[in-house]
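Trainee: One structure, as structure tokens, below. Some questions next.
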Amino acid sequence: MPRSYRHSVILLAIAAAKISGSAAFTPSTSQIKYGPNAQSNLGAGQNQGKGVVSSSSTSSTTTTTSTFLISDADKDTYGEESRKFRRTVYTHEDWVKHRSANRFFRNLSSIGSSGIYKNLLKEVLATTSVATFVLSWNAIFGDYQDLMSVSHPGPMHDSLIPILTLPLAPFTLASPSLGLLLVFRTNTSYTRWDEARKNWGMNINHTRDLVRLGNAYYDRGAVTSQRAKDDLDRLALCTWAFVRSMKRHLSPEWEDEDAFRVELYEKLPKEQADSIIKAAHRPNRALQDLSDSIENLPMHFMRRDEIHKAATIFEDNLGSSERLLSSPIPVFYSRHTARFLSFWLLLLPFALWGPLGNSWNHIDILPVTTILSIFLFGIEELATQLEEPFTI
């Protein structure tokens, strides 16, 4: 290996070791907290968000997951706070604006306020810092140009230390592989978001269906009008309680717990609200209340069974959503993609030294590195934001 390449690799490894706090770099195992007594089975309703190791007496398989230590500062970062403003629901007016001929200029003008790009500050600063280091190093140990574009030897030009450069061919060869990794990660994250959206859409459809069937099938001739009103009101409230409990179950505690308690005590009898709040698995408790309210409706058993089928779909949607929440894209895939992208962009300034040599002091390396970092890291950031779909 040529000496300049060896020096480039060694110096870059030292620089990368000094860079910390970037979301594109994987945390070390010392940052991971393991809890031996916690449970991780969401389906059984025992996941409290702290568990990492669980085993079943009926299976020889041990499931191990890990959670990172989360501080209040982590919860209040711009990236987390901005997720609340990405819960977009369009109206006809929004679609007109979305299709507007001015959309390209509008999107370009809003780059500075983009939440995605603001969340990439550390990554972009890291790659831009490497580019600045390459420019400074090569100006000192190689040649530089004055303001009149006259070339001069650097202060250490005659030393044995070479300039830092790499061939561009490896980056050209690696680009298709990196593109495939990013495309697969983005498509998979979008598929997860789309499945979560469909689950919630199915919930909306079946809340309407369940209440409609209850009203249509109710045998009003067998009871008083007040009893019919109470039964159907309870059915509607239990339906709402399940969907609201499911929303809370899939949302961060610090974001929704207080509002959840207030709404339950406002709408439900205190005893029922207490039983849901104290339950180990709140949606299951609410679903049991809904089943009980269906059973108490005076109607033919075949009609009651049809309503139960609508309620069963709630349970299927709950299980599907829990799977999305508890099972990310395999973390080794996400980490490999982040590492591949990080090293590709961190090493890129070394490879751009030669191709951009026509610019003054190779200064074009800075904007090219910065722009490529913003857009390529942005693709990875989009996938990361979409991967957990319930808080956007």
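Trainee: Considering only segment 101-145, state which residues are in contact with a Gly (Cβ under 7 Å, 6 or more places away or on another chain), assigned to a loop (DSSP other than H, G, I, E, B) and over 16 Å from residue 359 (Cβ atoms).
Mentor: 119, 120, listed by residue number.
Trainee: Oh, and also: Let me confirm something: among 342, 320, 334, which residue is over 30 Å from residue 166 (Cβ atoms), open to solvent by less than 90 Å² (accessible area, probe 1.4 Å) and in contact (Cβ under 8 Å) with a residue 12 or more places away in the chain? Spell out the reasoning first.
Mentor: Numbers: 342 fails: over 30 Å from residue 166 (Cβ atoms); 334 fails: over 30 Å from residue 166 (Cβ atoms).
Criteria check complete, one pass: 320.
Trainee: State which residue is most open to solvent (accessible area, probe 1.4 Å) when the search covers only segment 98-137 and only residues that are closer than 25 Å to residue 344 by Cα and of a type in the set (D, E, K, R).
Mentor: Out of the qualifying residues, it is 122.
Trainee: Looking for something open to solvent by 50 Å² or more (accessible area, probe 1.4 Å), under 30 Å from residue 247 (Cβ atoms) and not in a loop (DSSP other than H, G, I, E, B) - is there at least one such residue anywhere in segment 360-383?
Mentor: Yes; the residues of segment 360-383 include at least one that is open to solvent by 50 Å² or more (accessible area, probe 1.4 Å), under 30 Å from residue 247 (Cβ atoms) and not in a loop (DSSP other than H, G, I, E, B).
Trainee: Tally up the residues in segment 357-392 that are touching a strand residue (DSSP E or B) at 6+ places or on another chain (Cβ under 7 Å) and not hydrophobic (A, V, I, L, M, F, W, C), please. Please lay out each step first, then the result.
Mentor: As a first pass, look at segment 357-392 and keep what is touching a strand residue (DSSP E or B) at 6+ places or on another chain (Cβ under 7 Å): 360-361.
This time we only want the ones that are not hydrophobic (A, V, I, L, M, F, W, C), so: 361.
Summing the residues that are touching a strand residue (DSSP E or B) at 6+ places or on another chain (Cβ under 7 Å) and not hydrophobic (A, V, I, L, M, F, W, C) in segment 357-392 gives 1.
Trainee: Here is a further query. Could you grab the pairs with beta carbons closer than 8 Å, sequence gap of 6+ or different chains, first residue in segment 174-186 and over 16 Å from residue 344 (Cα atoms), second one open to solvent by less than 30 Å² (accessible area, probe 1.4 Å) and not in a helix (DSSP H, G or I)?
Mentor: 185/329
Results for (1) among the hydroxyl-bearing types (Ser, Thr, Tyr); (2) more than 30 Å from residue 166 (Cβ to Cβ); (3) over 23 Å from the mean Cα position of the chain (by Cα), shown as yes or no for each residue.
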{"residue": "96", "(1), (2), (3)": "no, yes, yes"}
{"residue": "104", "(1), (2), (3)": "no, yes, yes"}
{"residue": "107", "(1), (2), (3)": "no, yes, no"}
{"residue": "110", "(1), (2), (3)": "yes, yes, no"}
{"residue": "115", "(1), (2), (3)": "no, yes, no"}
{"residue": "120", "(1), (2), (3)": "no, no, no"}
{"residue": "124", "(1), (2), (3)": "no, no, no"}
{"residue": "132", "(1), (2), (3)": "yes, no, yes"}
{"residue": "135", "(1), (2), (3)": "no, no, yes"}
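A quick yes/no check of all residues on (1) in a helix (DSSP H, G or I); (2) over 21 Å from residue 357 (Cβ atoms); (3) open to solvent by 80 Å² or more (accessible area, probe 1.4 Å):
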{"position": "147", "(1), (2), (3)": "no, no, yes"}
{"position": "152", "(1), (2), (3)": "no, no, no"}
{"position": "167", "(1), (2), (3)": "no, no, no"}
{"position": "207", "(1), (2), (3)": "yes, yes, no"}
{"position": "211", "(1), (2), (3)": "yes, yes, no"}
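Trainee: So residue 297 passes all but one of these: (1) open to solvent by less than 60 Å² (accessible area, probe 1.4 Å); (2) part of a helix (DSSP H, G or I). Which condition number does it fail?
Mentor: All conditions pass for residue 297, except number (2).
Trainee: Shifting gears a bit: Restricting attention to segment 213-224, and to residues there that are open to solvent by less than 30 Å² (accessible area, probe 1.4 Å) and not hydrophobic (A, V, I, L, M, F, W, C), which single residue is nearest to the chain's Cα centre (by Cα)?
Mentor: To start, the set of residues in segment 213-224 that are open to solvent by less than 30 Å² (accessible area, probe 1.4 Å) comprises 213-214, 218.
Still in the running and not hydrophobic (A, V, I, L, M, F, W, C): 214, 218.
Values: 214: 38, 218: 44 Å.
Here the residue is 214.
Trainee: Quick one: count up the residues across segment 169-196 that are under 26 Å from the mean Cα position of the chain (by Cα) and open to solvent by 70 Å² or more (accessible area, probe 1.4 Å).
Mentor: Within segment 169-196, residues that are under 26 Å from the mean Cα position of the chain (by Cα) and open to solvent by 70 Å² or more (accessible area, probe 1.4 Å) number 8.
Trainee: Consider residue 280 against the criteria (1) part of a helix (DSSP H, G or I); (2) farther than 16 Å from residue 232 by Cα; (3) not acidic (Asp, Glu): it satisfies all of them except one. Which criterion is unmet?
Mentor: (1)
Trainee: For a quick check of your reading of the model, give me the residue pairs whose first member lies in segment 283-302 and is of a type in the set (Val, Ile, Thr), whose second is surrounded by 20 or more Cβ atoms within 10 Å (Cβ to Cβ), with beta-carbon atoms closer than 6 Å and at least 6 apart or on different chains.
Mentor: From segment 283-302, the pairs are 294/307.
Trainee: Taking residue 347 and the conditions (1) touching a residue at least 12 places away in the same chain (Cβ under 8 Å); (2) open to solvent by 30 Å² or more (accessible area, probe 1.4 Å); (3) not in a helix (DSSP H, G or I), which numbered condition does it fall short on, given that it satisfies the others?
Mentor: All conditions are met except number (3).
Trainee: Now for a separate question. Before we move on, is residue 391 touching a residue at least 12 places away in the same chain (Cβ under 8 Å), polar (S, T, N, Q) and closer than 14 Å to residue 133 by Cα? Show your work before the answer.
Mentor: Numbers: touching a residue at least 12 places away in the same chain (Cβ under 8 Å): yes; polar (S, T, N, Q): yes; closer than 14 Å to residue 133 by Cα: no.
Taking the combined requirement at face value, the residue does not satisfy it.
Trainee: Among all residue pairs at least 6 apart or on different chains, which show Cβ distances below 6 Å where the first residue, located in segment 106-122, is in contact (Cβ under 8 Å) with a residue 40 or more places away in the chain and more than 21 Å from residue 96 (Cα to Cα) and the second is open to solvent by 70 Å² or more (accessible area, probe 1.4 Å) and not polar (S, T, N, Q)?
Mentor: Matching pairs, first to second residue: 118/78.
The values are calculated or read from the model by the stated rules, or taken from the named source; none is laboratory data. It should be emphasised that the depicted structure is a prediction, and the values quoted were computed from it without experimental measurement. All Cβ positions, glycine included, derive from the backbone under ideal geometry; neighbour counts span all protein chains shown. Keep in mind that these areas ignore ligands, DNA and RNA; they rest on the heavy atoms of the full protein, side chains included. Shrake-Rupley method; radii C 1.70, N 1.55, O 1.52, S 1.80 Å.
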